[in-house]
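The values are calculated or read from the model by the stated rules, or taken from the named source; none is laboratory data. Note that the structure is a prediction, hence the values are computed from the model and not measured. With ideal geometry, Cβ positions are generated from the backbone for all residues, glycine too; neighbour counts draw on all protein chains shown.
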């Protein structure tokens, strides 16, 4: 049985795009493990797949009169600024600004695409990167997510690069790239300004599907070049640092989404220290940032943890 709910012609396109072996592995894992609550991936417990939890959270928030406020919070997307100082940054890239949008979950609620559009219309940037999770569910239909992404793409200026998250099926690749969004599937591209260049690499989901291949993404990057890695989850920060990446942009954790007063997350859903689960961090020369995400999953609420889009400003020392 064909595990991908698309026609044979599109499957042929996918084989040509991502390679026969990677496609077979990704589709096989999706079919075998897509609804697992326990096991698989880098964490033992997958809260996104525990569907009885959703009504429990909603009812608890209603009981303490926070459900309505949480839903309003989830639509108030903030613009965050992150200054990244890189001594080896090529002169032509001084002040270069990347807009990062992560964990969009565009089909979570009908008004999520509109809230994101209102946020991106406020900002100016040189390049946009999307760090995964376009769909609300971890399996099933994805057409509504693609429709929402198409609406958002119309308001994104210039080049857009993206990676897949643990909520995304590889079957979404043709539809996303048809929107003039270049997916980086264990690949790299060269960003050029005059005679100067920076390498941008992206890996497939490292959290649940563990389809990441840093070697393939990094091997063609010259040793002296400045390189930026897009990874859906921060969990591979050690591997990224030892692969000589200079910057790592990721998401997945939602910074907790539902947090205690002071922004302390109830859970982060990642097998790494909490210091790497929200905002800017550093590890052995790797400048990292874990975005809180623009959307929400499980329930469309946020408590003490506003959604965000992030402007990363690159500067020389």
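Does residue 129 qualify as being under 22 Å from residue 280 (Cα atoms) and not in a loop (DSSP other than H, G, I, E, B)?
yes
Output the residues belonging to region 213-233 that are buried (at least 24 other Cβ atoms within 10 Å of the Cβ) and either part of a loop (DSSP other than H, G, I, E, B) or out of contact with any strand residue (DSSP E or B) (no Cβ under 8 Å at 6 or more places or on another chain) (or both).
The answer is 231, 232, 233.
Out of region 186-209, which residues are surrounded by 23 or more Cβ atoms within 10 Å (Cβ to Cβ) and closer than 17 Å to residue 236 by Cα?
Answer for region 186-209, where residues must be surrounded by 23 or more Cβ atoms within 10 Å (Cβ to Cβ) and closer than 17 Å to residue 236 by Cα: 200, 201, 202, 203, 204, 205, 206, 207, 208, 209.
The conditions are (1) surrounded by fewer than 21 Cβ atoms within 10 Å (Cβ to Cβ); (2) farther than 22 Å from residue 70 by Cβ; (3) touching a helix residue (DSSP H, G or I) at 6+ places or on another chain (Cβ under 6 Å), and residue 265 fails exactly one of them. Which is it?
Here residue 265 clears every test but (2).
Let me confirm something: among 62, 35, 42, 69, which residue is farther than 28 Å from residue 150 by Cβ and either in contact with a helix residue (DSSP H, G or I) (Cβ under 7 Å, 6 or more places away or on another chain) or at pLDDT below 85 (or both)?
The match here is 42.
Regarding region 282-292, can at least one residue be identified that is touching a strand residue (DSSP E or B) at 6+ places or on another chain (Cβ under 9 Å), at pLDDT 95 or above and either more than 26 Å from residue 97 (Cβ to Cβ) or not in a strand (DSSP E or B) (or both)?
Looking through region 282-292, at least one residue is touching a strand residue (DSSP E or B) at 6+ places or on another chain (Cβ under 9 Å), at pLDDT 95 or above and either more than 26 Å from residue 97 (Cβ to Cβ) or not in a strand (DSSP E or B) (or both).
Residues of region 245-255 being within 15 Å of residue 282 (Cβ to Cβ) and either under 13 Å from the mean Cα position of the chain (by Cα) or part of a loop (DSSP other than H, G, I, E, B) (or both), which ones?
Of everything in region 245-255, those that are within 15 Å of residue 282 (Cβ to Cβ) and either under 13 Å from the mean Cα position of the chain (by Cα) or part of a loop (DSSP other than H, G, I, E, B) (or both) turn out to be 245, 246, 248, 249, 250.
From the list 236, 221, 203, 258, exactly one residue is more than 18 Å from the chain's Cα centre (by Cα) and closer than 19 Å to residue 162 by Cα. Which is it?
Going through 236, 221, 203, 258 in turn, just one is more than 18 Å from the chain's Cα centre (by Cα) and closer than 19 Å to residue 162 by Cα: 221.
Could you figure out which of (1) at pLDDT below 95; (2) under 23 Å from residue 77 (Cβ atoms) isn't true of residue 317?
Condition (2) is where residue 317 drops out.
Any residue in region 257-276 that is under 14 Å from residue 102 (Cβ atoms) and in contact (Cβ under 8 Å) with a residue 60 or more places away in the chain?
Yes, that holds for at least one residue.
Taking region 157-182 on its own, how many of its residues are without any contact (Cβ under 8 Å) to a residue 60 or more places away in the chain, buried (at least 23 other Cβ atoms within 10 Å of the Cβ) and out of contact with any strand residue (DSSP E or B) (no Cβ under 8 Å at 6 or more places or on another chain)?
1
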